[in-house]
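Readers should treat all values here as calculations from the given coordinates under stated rules, not as data from a laboratory. Everything numeric in this text was worked out from a predicted model, so none of it was measured. Note that each Cβ is placed from the backbone with ideal geometry, even for glycine, and that neighbours are counted across all protein chains shown.
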Amino acid sequence: MASPQQITNAFQQAMNLSGSPHEVSMSPTQSYMSQYSSLKPAKALKPFSTGDIKILLLENVNTTAINIFKTQGYQVEFYKSSLPEDELIEKIKDVHAIGIRSKTKLSEKILRHAKNLVVVGCFCIGTNQVDLDFAAKSGIAVFNSPFSNSRSVAELVIAEIITLARQLGDRSIEMHTGTWNKVSSKCWEIRGKTLGIVGYGHIGSQLSVLAEAMGMNVIYHDILSIMALGNSKQVTTLDDLLSQADFVSLHVPATSETKNLLSAPQFAAMKDGAYVINASRGTVVDIGALVQAMKAGKIAGAALDVYPNEPAKNGEDLFNDSLNSWASELCSLRNVILSPHIGGSTEEAQSAIGIEVATALTKYINEGNSQGAVNFPEVALRPLDLDQQNTVRVLYVHHNVPGVLKTVNNILSNHNIEKQFTDSQGDIAYLMADIADVDLSDIKTLYEQLEQTPYKIGTRLLY
Ligand SMILES: NC(=O)c1ccc[n+]([C@@H]2O[C@H](COP(=O)([O-])OP(=O)(O)OC[C@H]3O[C@@H](n4cnc5c(N)ncnc54)[C@H](O)[C@@H]3O)[C@@H](O)[C@H]2O)c1
């Protein structure tokens, strides 16, 4: 049997970390277990001493995330803002995880300095601030939180539907400039009106439930056949939806198919006096054509939260014709609500994003679970049982080329491979395997053999 010092050395070398392995890590296996509907308690894996795990958090990441990491015993370094490039390069050198929002650019140049980094958490929706390909090629998984703000967007759209129907934006602007204009002409209740939702995903389906609760009839169009919530009804074509809806709200992703999904022919196909709402992506509506349809009186109002070009920072006089050629014409129209991409911007969404991304990072660090990674094959194994004390979990990121499994399984073949799962994404593949009856003294050998394979990108062993 290996001595405690030998075990320490094996872990330190296997993980390329300093510190003691005797502190048992708190793995979030309880919540993970529920996915597998197992009633048995699970064994908490020990990636390494959790006190050795260093996490750099930038850009005022929500406190919900800091709490999760601290509960794990990780070392957390927290900054309210992003860091200048040279400082970031210094800091990133020895951290195992980094949490950022949209302002920190993790380019290849910066990531090349990250010798211990295994995971990046984008505490936001987008991930284009990270060089995802280079990260994957370096064995660094990247996680984000695409759906934590769905409810916030759906609620904003409900507010906009009523605001448009009552011309509330115009009345408010008038009052701010001293004008009293009490009118009811062309102001409507939303009860009994038809809402057409294009894209019945996370946001579209939430909106559907809220709108029905307000007494609206809901129809939706999606490229997928999706089960209707409540009394809503799926319609086959976009034109079906446009011809019936009093309000059209867009909730599709930005793809080549959704570029200018609503343009002049679609506005012509809509009911006279219909309203348009876009809180999806700026490319989905041809705003020049919308301006013309509104000027012609075909469309009675529009609420836009997203634009083809958006300013990179907050400030005055940034939303202008040099940013988008139609900006001043759009701003001059009546019953148009313009908001600066705030659909998902609420305290609740920030808190939910903190929990979701911090949990994903913790699961990846403690268990190797890459489900939800944006640049990486998504692989998960069910937790180990408490009685599997001598089982080692192998995490092996490698180039996606023929012959890898043969080589790896040859290395593992002296032990019983209890379960194994591998998947690939482009040039990168990720293998997870639970190996039974591993003597602690074998860990170092296993690690070194895997590290010496020509296909290896990164190896971690959890025990
Ligand atoms: N304004 C904001 O602050 C904000 C916040 C969050 C999300 N968003 C955006 O909202 C949009 C929807 O987000 P989500 O989380 O609901 O996405 P989602 O992936 O859950 O749902 C999108 C739905 O659109 C459908 N779809 C795709 N192409 C389509 C097409 N051509 N026609 C009809 N349906 C199509 C998909 O099948 C899917 O059901 C995305 O563009 C997202 O980026 C905006």
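Using the Stokes-Einstein relation with a Kirkwood hydrodynamic radius computed over Cα pairs, the translational diffusion coefficient of the stretch 151-338 at 37 °C and a viscosity of 0.692 mPa s comes to 195 µm²/s.
Once you have the Cα-Cα distance between K419 and N390, take 0.36 nm times their residue separation minus that, and quote the gain in nm to one decimal. List each step's numbers first, then the result.
Numbers: separation 29, 0.36 × 29 = 10.44 nm, distance 1.42 nm.
Length gained between K419 and N390: 9.0 nm.
With Cα atoms defining each centre, the stretch 170-185 and the stretch 410-434 are spaced 67 Å apart in the structure.
The separation of the stretch 53-122 from the stretch 326-371, counted between C-alpha centres, amounts to 19 Å. S102 sits among other residues whose Cβ lies under 11 Å from its own Cβ, and their net charge, with Lys and Arg +1 and Asp and Glu -1, is +3. Dividing the mean sequence gap of close Cα pairs (under 8 Å, 6+ apart) by how many residues the chain holds gives a relative contact order of 17 percent. Dipole of the chain computed with +1 at Lys/Arg Cβ and -1 at Asp/Glu Cβ about the Cα centre; of V198, T283, L381, farthest Cα towards the positive end is V198. In this simple spin-label model, placing a label point 7 Å from the Cα along the Cα-to-Cβ direction at both S351 and D94 gives a separation of 3.6 nm. For K419, the lysines whose Cα falls under 24 Å of its own Cα, not counting residues fewer than eight places away in the same chain, are K40, K43, K46, K363, K406, K444, K456.
Annotation for E310 and K233: the two label points, set 7 Å from Cα along the Cα-Cβ direction, are 3.5 nm apart.
Give me the extension gain from T445 to E87: residue separation times 0.36 nm, minus the current Cα-Cα distance, reported in nm with one decimal.
Answer, rounded to one decimal: 125.2 nm.
The local environment of D427, defined by Cβ-Cβ distances under 9 Å, has a net charge of 0 under the rule Lys, Arg +1 and Asp, Glu -1.
Using 0.36 nm per residue and subtracting the Cα-Cα separation, the extra length available between D133 and E378 on full extension is 86.7 nm. Footprinting exposure proxy ranking of W188, W180, fewest other C-beta atoms within 10 angstrom first, gives W180, W188.
What you get for the chain, charging only the Cβ of Lys and Arg (+1) and of Asp and Glu (-1), is a dipole of about 360 debye around the Cα centre. With K and R counted +1 and D and E -1, the other residues having a Cβ less than 12 Å from that of Y275 yield a net charge of +2.
Roughly what percent of Cα-Cα pairs across the stretch 339-463 reach past 20 Å? Considering the stretch 339-463, 50 percent of its Cα-Cα pairs are separated by more than 20 Å.
Using the alpha carbons alone, the radius of gyration of the stretch 392-462 stands to its Kirkwood radius in an Rg to Rh ratio of 0.93. Using the Cβ-Cβ distance between S184 and A213 with R0 set to 25 Å, the FRET efficiency from 1/(1 + (r/R0)^6) comes to roughly 0.50. DSSP beta bridges fully contained in the chain are about 40 percent antiparallel. Counted over all Cα-Cα pairs of the stretch 271-424, pairs farther apart than 27 Å make up 54 percent. So which lysines can K109 reach, going by Cα to Cα under 20 Å and dropping same-chain residues fewer than 8 places off? List returned: K91, K93, K137.
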